[in-house]
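To keep things clear, I will list the structure first and then write my remarks on it.
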Amino acid sequence: MSAPAAIRTTALTKVYGDTRALDGVDLTVPEGSIFGFLGPNGAGKTTMLRLITGLAQPTSGTAEVLGRDVTQAGNLVRAEVGFLPDVPGFYDWMTAEDFLRFAGSLFGLRGTLLDQRVAMLLDLAGLTGVTSRVGGFSRGMKQRLGVAQALVNAPRLLLLDEPTSALDPMGRKDLLEMIASLRGRTTVFFSTHILGDVERVCDAVAILDHGRVVAQAPIAELTAAYGERKVVVEVTDGADELAALLAARPWAASVVRGPNGSIEVTVTDAVAAQHDIPAIVAGQGIGLARLEAGEMGLEEVFVELVGGERR
Amino acid sequence: MSRSSGFTVFARKEAQEIWRTWRRWVLPGILVFFAVTGPPLARYTPQIVQAVAGDQLSGLEIPTPTYLDAYGQWAQNLTQIALFALIIIYGGLVSAERRSGTAVLVLTKPVSRSAFVVVKAVVNAAFVATLLLVGTLLTWGLTAAMFDTAPGAALWSAALVWLVLAIQFVAVMTLLSVLISSAAGAAGAGLGVYVLASIAAIWQPLADYTPAGLASKAVAAAAGQDPAVAWPVVTSLALSVGLVALAATAFRRREL
């Protein structure tokens, strides 16, 4: 029996005319995790969220949210989900408090509970005491209100589409801390192209490119897997000549000179590289100061996975 | 979260939106204007014509106006200008929420798409009915003041027939604003429906048995005649329900 999943998509495909916005996406988001959905602009992240929220229908494949098919479940699923779209649209004539009360009421909140929830979320959004209408809000204020309304029902699953894109550094920091504080209580699935945000708070990540999931794993596992494909060599002298020799080897995908005598080699066969490199260094008659598997950050993994095929 | 609860909360939002935005002023302003100016204009038409035309119309005898002229003016204004305004105002009834993104925030909460569409049609039909009630009361009172007599039967039967027509056009605009993303485009299509209905009403069987005859029958009722309205009213109400149901079905299939 498979582990409980907050989101599970199977061969999820969405086609607009001649464009395959999503192409057979299989994705599993474990319940309770903070899951980053990474991808360059136009990769299909927003399309994915529109399918998960039922705002659009898949061309083929299925999407299950909290164990229910989103195309069938309707209000049952929506009652347990909070959603922030990339550009949230509000009724301009309402105040922030009006909107939060309206949103809470749609979830059936009433009386003291609604009052407390609204007050807490206004505080969270930094909008306590702001009585002007939403129509006059800055983009950052709207984004913060958007996050607050997504939390009004204390959701089991929080879906955020580019939540930090309109926030200033302090707002971004606060939001990421808030997301981190939900760990274990609420599943958070957020799309972004800001790698730092994902590295900071996410347990796991999926990388989307051209409508396909090109990697999906816990962040540590992902960076370790790609780190194994990188070897760092440091020699006492003759680093340039050694770099040229390494670049000629069949297992060397790329060779980059680092500071001092270091060389970073991206390899296609780590075992062969680790056997060959000491022999090459010895053959050159130079001293080997360091030979180790390199560590790749998420950014390097991301660039490695999607950068080479950017249109 | 019950289905009726989401319906009620969204209906309250829709009513507040009418009260707190331009919607509070435009259609009410138009109807109140005609309600207030109609009876005095009807009462003093001979004097106005005399003042404007002078001796040029000395041979023409203008009949003494009666309360039926005030009623007729109210009915004419309702079936033409007020209906045009309604069509234009409701061109973006649903599409405006899609364009602004508010529909996305609402419809990812426990509100069904059908409820979203039906609430809009019902609340705005109720709004139009309220305006009609206020406008007709004003017309009735001012007519009584201007003509000393104002039997209500002709006025209220005309108003009720127009209400059925107005509800039908709220339903038409609900559907068009689901199907057509542009508010101006939907309003244009709505005016096209109005023109087609007016042309269709020239053929007597259509005027007698279908919604196409409602406008002329409202005017006839205001003139003190007793037009047969049962068939047009029943078919119009059935059509209105069908149009809103169709709008809800179409909206459920739309991508947001």
Checklist entry - Out of all the residues in the range B:232-256, which are farther than 20 Å from B:L163 by Cα, more than 14 Å from every other protein chain (Cβ to nearest Cβ) and open to solvent by 60 Å² or more (accessible area, probe 1.4 Å)? => result B:L246
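In the range A:290-300, is there at least one residue being at pLDDT 80 or above, touching a Ser or Thr at 6+ places or on another chain (Cβ under 8 Å) and not charged (D, E, K, R)?
Initial filter on the range A:290-300 (at pLDDT 80 or above): A:290-292.
Adding the requirement that they be touching a Ser or Thr at 6+ places or on another chain (Cβ under 8 Å) leaves A:290.
If we keep only those that are not charged (D, E, K, R) as well, we get none.
Scanning the range A:290-300, I find no residue that is at pLDDT 80 or above, touching a Ser or Thr at 6+ places or on another chain (Cβ under 8 Å) and not charged (D, E, K, R), so the answer is no.
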Next on the checklist: For a quick check of your reading: which helices (runs of 4 or more DSSP H) sit entirely within the range B:48-121 and have at least 1 residues that are within 14 Å of chain A (Cβ to nearest Cβ)?
Outcome noted: B:95-100, B:102-107
Next on the checklist: Tally up the residues in the range B:47-73 that are modelled with pLDDT under 85 and either surrounded by 13 or more Cβ atoms within 10 Å (Cβ to Cβ) or in contact with a helix residue (DSSP H, G or I) (Cβ under 6 Å, 6 or more places away or on another chain) (or both), please.
Outcome noted: 3
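Would you check if B:T174 is crowded, with 20+ Cβ neighbours inside 10 Å, of a type outside the set (D, E) and more than 14 Å from chain A (Cβ to nearest Cβ)?
Considered against the rule, which asks whether it is crowded, with 20+ Cβ neighbours inside 10 Å, of a type outside the set (D, E) and more than 14 Å from chain A (Cβ to nearest Cβ), B:T174 comes out as yes.
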Item to check | Any chance A:L113 is modelled with pLDDT of 95 or more, assigned by TED's automatic domain parsing to the domain that holds A:G36, out of contact with any Asp or Glu (no Cβ under 6 Å at 6 or more places or on another chain) and surrounded by fewer than 21 Cβ atoms within 10 Å (Cβ to Cβ) | outcome: yes
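Can we say A:T28 is open to solvent by 10 Å² or more (accessible area, probe 1.4 Å) and either away from chain B (no Cβ under 14 Å) or closer than 17 Å to A:D69 by Cβ (or both)? Steps first, answer last, please.
Values: open to solvent by 10 Å² or more (accessible area, probe 1.4 Å): yes; either away from chain B (no Cβ under 14 Å) or closer than 17 Å to A:D69 by Cβ (or both): yes.
In short, yes.
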Checklist entry - Got a sec? Which of A:V205, A:V213 is hydrophobic (A, V, I, L, M, F, W, C), over 10 Å from the mean Cα position of the chain (by Cα) and under 20 Å from A:R8 (Cα atoms)? => result A:V213
Next on the checklist: Can you tell me how many residues within the range A:80-93 are more than 7 Å from chain B (Cβ to nearest Cβ) and touching an Asp or Glu at 6+ places or on another chain (Cβ under 9 Å)?
Outcome noted: 2
Item to check | Contacts under 6 angstrom Cβ, first residue in the range B:168-185 being under 11 Å from B:A247 (Cβ atoms), partner of a type in the set (S, T, N, Q), 6 or more apart | outcome: B:V170/B:N124; B:A171/B:S240; B:S177/B:S95
Next on the checklist: Are there helices (runs of 4 or more DSSP H) fully within the range A:218-311 with at least 2 residues that are of a type in the set (D, E, K, R)? List them.
Outcome noted: A:239-247, A:298-306
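Is it the case that the range A:144-161 has a residue that's part of a loop (DSSP other than H, G, I, E, B), among the charged types (D, E, K, R) and buried (at least 19 other Cβ atoms within 10 Å of the Cβ)? I'd like the intermediate steps shown before the answer.
Filtering the range A:144-161 down to residues part of a loop (DSSP other than H, G, I, E, B) leaves A:151-156.
Those left that are additionally among the charged types (D, E, K, R): A:156.
The next check asks that each one be buried (at least 19 other Cβ atoms within 10 Å of the Cβ); those that pass are none.
No; the residues of the range A:144-161 include none that is part of a loop (DSSP other than H, G, I, E, B), among the charged types (D, E, K, R) and buried (at least 19 other Cβ atoms within 10 Å of the Cβ).
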Checklist entry - Can you name the residue in the range A:53-79 that is assigned to a loop (DSSP other than H, G, I, E, B), under 19 Å from A:L27 (Cβ atoms) and open to solvent by 10 Å² or more (accessible area, probe 1.4 Å) and is also nearest to the other protein chains (Cβ to nearest Cβ) among such residues? => result A:T53
Checklist entry - Of the numbered conditions (1) crowded, with 22+ Cβ neighbours inside 10 Å; (2) of a type outside the set (V, I, T); (3) in contact (Cβ under 8 Å) with a residue 12 or more places away in the chain, B:S112 satisfies every one except a single condition; which is it? => result (1)
Next on the checklist: Could you tell me how many of the residues in the range A:235-252 are more than 16 Å from A:V271 (Cα to Cα) and open to solvent by less than 50 Å² (accessible area, probe 1.4 Å)?
Outcome noted: 5
Checklist entry - What number goes with the only condition from (1) under 20 Å from A:A150 (Cα atoms); (2) open to solvent by 30 Å² or more (accessible area, probe 1.4 Å); (3) of a type outside the set (D, E) that B:I88 does not pass? => result (1)
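Using the structure shown, decide if A:V130 is within 11 Å of chain B (Cβ to nearest Cβ), more than 19 Å from the chain's Cα centre (by Cα) and farther than 30 Å from A:E64 by Cβ. Steps first, answer last, please.
Numbers: within 11 Å of chain B (Cβ to nearest Cβ): no; more than 19 Å from the chain's Cα centre (by Cα): yes; farther than 30 Å from A:E64 by Cβ: yes.
Judged against the criteria, A:V130 is not a match.
Residue under question is A:I286, and the condition is that it be under 30 Å from A:V198 (Cβ atoms) and of a type in the set (A, V, I, L, M, F, W, C); does it hold?
Values: under 30 Å from A:V198 (Cβ atoms): no; of a type in the set (A, V, I, L, M, F, W, C): yes.
Judged against the criteria, A:I286 is not a match.
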Next on the checklist: Against the conditions (1) at pLDDT 95 or above; (2) more than 23 Å from B:T108 (Cβ to Cβ); (3) in a loop (DSSP other than H, G, I, E, B), where does A:G184 fall short? Just the number, please.
Outcome noted: (1)
Item to check | In the range B:7-28, the residues that are under 21 Å from the mean Cα position of the chain (by Cα), within 11 Å of another protein chain (Cβ to nearest Cβ), in a helix (DSSP H, G or I) and β-branched (V, I, T) | outcome: B:I18
Checklist entry - How about the range B:201-214: which of its residues are open to solvent by less than 30 Å² (accessible area, probe 1.4 Å) and either in contact with an Asp or Glu (Cβ under 9 Å, 6 or more places away or on another chain) or in a helix (DSSP H, G or I) (or both)? => result B:A207, B:P211, B:A212, B:G213, B:L214
Next on the checklist: Within the range B:29-44, take every residue that is touching a residue at least 60 places away in the same chain (Cβ under 8 Å) and crowded, with 18+ Cβ neighbours inside 10 Å and give me the one that is nearest to the other protein chains (Cβ to nearest Cβ).
Outcome noted: B:L31
Checklist entry - Is it the case that some residue within the range A:195-212 is open to solvent by less than 40 Å² (accessible area, probe 1.4 Å), assigned to a strand (DSSP E or B) and in contact with a Ser or Thr (Cβ under 8 Å, 6 or more places away or on another chain)? => result yes
Next on the checklist: Condition (residue is touching a residue at least 24 places away in the same chain (Cβ under 8 Å), in contact with a Pro (Cβ under 9 Å, 6 or more places away or on another chain) and within 12 Å of another protein chain (Cβ to nearest Cβ)) applied to the range A:109-122: is it met by at least one residue?
Outcome noted: no
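The values are calculated or read from the model by the stated rules, or taken from the named source; none is laboratory data. Remember, it's a predicted structure, so these values are computed and weren't measured experimentally. All Cβ positions, even for glycine, are placed from backbone atoms using ideal geometry, and neighbour counts span all protein chains on display. Only protein heavy atoms, including side chains, enter the accessible area calculation; ligands, DNA and RNA are left aside. Shrake-Rupley method; radii C 1.70, N 1.55, O 1.52, S 1.80 Å.
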